[in-house]
Amino acid sequence: MNLTSSSSPSPAVFAAADLGATSGRVVLGRVGNGRLDLTEAHRFANTPVRLPHGLHWDILALYQGVLDGLREAARSAPIASIGVDSWAVDYGLLDGEGRLLGNPYHYRDQRTDSVAEAVRARIGAAGLYRANGLQHLPFNTLYQLAAEAGTPQFLAARHLLLIPDLLTYWLTGRIGAEATNASTTGLFDARAGAWSPELAEAVGVGGGLLAPLRRPGDSCGTLLAQPAAATGLPQGTPVTAVASHDTASAVVAVPAERPDFGYISCGTWSLAGLELDAPVLSEASRTANFTNELGIDDTVRYLRNIMGLWLLSETQRTWQAQGKPHELQPLLVQAAAAEPFAAVIDPDAPEFLAPGDMPARIAGYCERTGQRPPASQGSLVRTILEGLAMAHGRTLHQAAELAGREIEAVHLVGGGSRNSLLCQFTADAADLPVVAGPTEATALGNVLVQARAHGLVHDLAGMRRLVADTQPLRRYTPRGNRSAWAAAATRIGAT
């Protein structure tokens with residue numbers, strides 16, 4: 001199958017606005033004639049703001065960062081299209097004239113702590129899972145809305161837009177909800193692939209609040225006059241719906257050649273699972289806390305959220321504030337030389353979710369579970385990476401069992417693919433070969449969906465083949481020490 005159309009058009013340039021939990025950037029992607037490469041046009045900080053009434057995203061600063069990035073992009077090449085992706089679940093509320101009613105809350109804000117269980121008790125946890133198929137996470141949009149019900153902003157709201165949909169609205173003036181991100185909210189019917197009026201009603205959301213759905217590749221309109229003037233781009237520049245949940249974009253760029261693969265999108269969070277044709281909504285799947293979210297072309301991302309490299313980045317941030325060494329590469333060298341399994345942690349323990357002194361929390365976890373806390377920085381880093389690798393392995397094997405699938409190889413994409421120690425630990429813990437890369441999976445997936453909408457690639461298989469042919473990948477083979485990993489896992493009651 002050809003990677004490009006038979007007319008072999010010249011490479012086109014697409015702008016991907018890719019927003020992460022700590023930074024955002026605008027990336028230029030060139031696609032065509034067997035070519036796929038990225039250039040970062042602009043990067044900007046994403047710094048949450050804690051106000052007396054909670055933790056918020058600085059959404060106006062993020063929008064300005066996107067505009068600044070598009071302005072830099074416009075200086076480099078003619079832009080064929082723009083696409084926006086970000087993290088999931090968080091949203092902005094608009095009034096009837098399209099005005100933002102307040103800075104969006106951050107999903108790590110604690111306002112949902114006492115709400116999620118109350119909602120589950122009222123609706124019924126089993127019935128909720130049969131409807132939306134989502135892993136229980138206390139910050140899902142469903143619970144955020146339940147926490148916000150009755151506030152002046154909620155009562156005045158006429159539209160709810162998830163973060164990438166909100167930025168797309170400001171660029172184009174057109175309201176819509178991209179489906180892969182909508183599927184993370186808890187308000188989405190996993191079987192029907194559409195908004196669920198029943199789930200919305202259960203938390204007091206009127207049907208008009210939820211925007212019409214878009215699919216990856218759909219047109220979102222064209223650039224309005226004001227953002228066109230701010231960026232120097234033509235007013236008619238197309239804006240294309242991509243797989244706007246960043247994990248959905250990352251899975252697009254998994255360079256798999258066969259269907260029997262598992263994937264881990266590894267960054268602040270690790271999202272580990274399988275790509276399926278239909279959701280798994282069994283009671284066993286619910287109790288195992290797996291989620292069913294949409295991927296491109298109505299595939300299902302059957303996965304579990306794992307706390308991820310958040311533990312390491314918060315540890316580094318704490319050490320920096322304390323004036324201790326915090327640069328990653330020297331710490332990884334120390335970790336490689338440290339004693340294996342000096343302590344064993346579950347990265348999904350609830351005390352690791354909120355920002356704060358992560359080394360102290362890990363020490364407290366070890367003491368609570370009858371273990372000696374890591375004695376050095378290198379030992380602590382190794383403990384984090386081993387715990388994360390164990391979570392990767394057991395999650396993938398459990399997903400395969402619940403879905404009735406076999407896994408022949410694991411694709412680890414995203415920023416974590418640069419961490420060779422984590423990649424090797426994951427291969428060892430899962431006892432499966434790991435293909436690491438691409439690092440820039442989310443931006444690549446964003447660009448590739450735009451490219452397909454413009455006829456430069458034909459299908460998902462073609463996108464993935466183009467990634468495999470053009471991006472650097474590294475392969476890690478299990479070292480045959482699975483029994484040691486299994487023994488260590490029993491120290492936290494894991495299997």
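Quick note: the coordinates plus some simple rules give every number you see, no bench work behind them. Quick caveat: nothing in here was measured; it's all calculated off a predicted structure. Using ideal geometry, Cβ is built from the backbone for each residue, glycine included, and neighbour counts are taken over all protein chains shown.
Numerical summary
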read-out	value
25 °C / 0.890 mPa s Stokes-Einstein diffusion coefficient of the stretch 134-231, Kirkwood radius on C-alpha pairs, µm²/s	170 µm²/s
Long-range amide H partners of Ala436 with built H, under 5 Å	Leu412, Arg474, Arg475, Tyr476
All-pairs alpha carbon distance profile, the stretch 12-240, 5 Å steps from 0, percent	1, 7, 14, 18, 19, 16, 11, 8, 5, 2, 0, 0
Label-point separation, Lys324 to Arg43 (7 Å along Cα→Cβ), nm	2.5 nm
At R0 = 35 Å, FRET efficiency that the Cβ-Cβ distance of Ala156 and Asp297 yields, to 0.05	0.40
Whole-Hz ³J(HN,Hα) from phi, Karplus 6.51 cos²θ - 1.76 cosθ + 1.60, for the stretch 81-86, glycine and proline x	6, 10, x, 10, 10, 7
Pairwise Cα inverse-distance average, inverted: Kirkwood Rh of the chain (Å)	23.0 Å
